[in-house]
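Okay, structure first, notes after.
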Amino acid sequence: MVIRRSFGFCASHIVRNCTSKRCSTSIHGHNYKVEIFVGADSLDSAGMILDFGIFKNQIADFIDGFDHAHHFWDKEEPDFIDFILKNSARYIRLSLNPSAENYALILLFYIDKILGATEFGNSEGAIKVTSVRIHETDHGYAEAFREDLNNPNFMKHISLDSVEFSEQIRLEWRDSDMLEKLKAYDCHSLQKPFKNPLPLHQIKI
């Protein structure tokens, strides 16, 4: 069984090396729609896979970091990168080309890490992100699936250092050290850095 939670962000980018001249040579923007699919092997004490309210935590902040920002590949010319850094408070430096497919893989990877670093307290099952779907337009989307995390052809350029958020973006998060905590946990820190509030049990089961 899976549940779906949708998000959205508006952003600009250039997709280098693609066949479309408009996309590969000009800054342009999209109103992205993001769909997160999460599954589990059992239901929690409330009869849910995961309370939808929990998606308002680190996952929401991470995705919001992409909003109203310019995203650029770190292989861009230095002069262009300097221009963005000087003229945009909100930007994201990526280790890979900002295509819809790569966005789907990046979000799948990071959300999987966030869920793994979160302590749940309502008898949730084995919660896993099963896929992430990115709509760049109303006419098409890219979807990355859990098994793609084990495909080196997809993941060879993706790590917890693949996304560098500007200082302004980090300051607007509820926890500006969120990514540093995630990296520390991924390096075998013993305590999960994120915790969801315990539920209010009205009925004992």
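Taken together, the values in this text are just the output of simple stated rules run on the coordinates, not laboratory data. The shown structure was predicted, so the numbers you read here are calculated from the model rather than taken from an experiment. Note that we place each Cβ from the backbone using ideal geometry, even for glycine, and neighbour counts take in every protein chain shown.
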Once you have the alpha carbon radius of gyration of the chain, what is it after dividing by 2.2 N^0.38 Å, with N set to its residue count?
1.07
Let me check I've understood the local charge: for Phe120, count other residues with C-beta under 13 angstrom from its C-beta, Lys and Arg +1, Asp and Glu -1. What total comes out?
-1
Positive dipole terminus of the chain, leading residue within Ala89, Asn17, Phe120 (C-beta point charges)
Phe120
Suppose every K and R has +1 on its Cβ and every D and E has -1 on its Cβ; what is the size of the dipole of the chain about the Cα centre, in Debye to the nearest 20?
220
Does segment 131-187 classify as rounded, prolate or oblate by the C-alpha gyration tensor (a ≥ b ≥ c root eigenvalues; a/c under 1.5 gives rounded; else a/b over b/c gives prolate, otherwise oblate)?
oblate
Counting lysine pairs in the chain that sit 8 or more positions apart or on different chains, with Cα atoms under 14 Å apart, gives 9
Could you give me the percent of Cα pairs per 10 Å distance bin for segment 94-140, shortest bin first, beginning at zero and ending with the bin that holds the maximum distance?
23, 41, 24, 11
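Efficiency by 1/(1 + (r/R0)^6): what FRET value for Met48 and His28, r their Cβ-Cβ distance, R0 = 30 Å, to the nearest 0.05?
According to the calculation, E is roughly 0.15.
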So what's the net charge close to Ile3: Lys and Arg +1, Asp and Glu -1, counting the other residues with Cβ under 15 Å from its Cβ?
+1
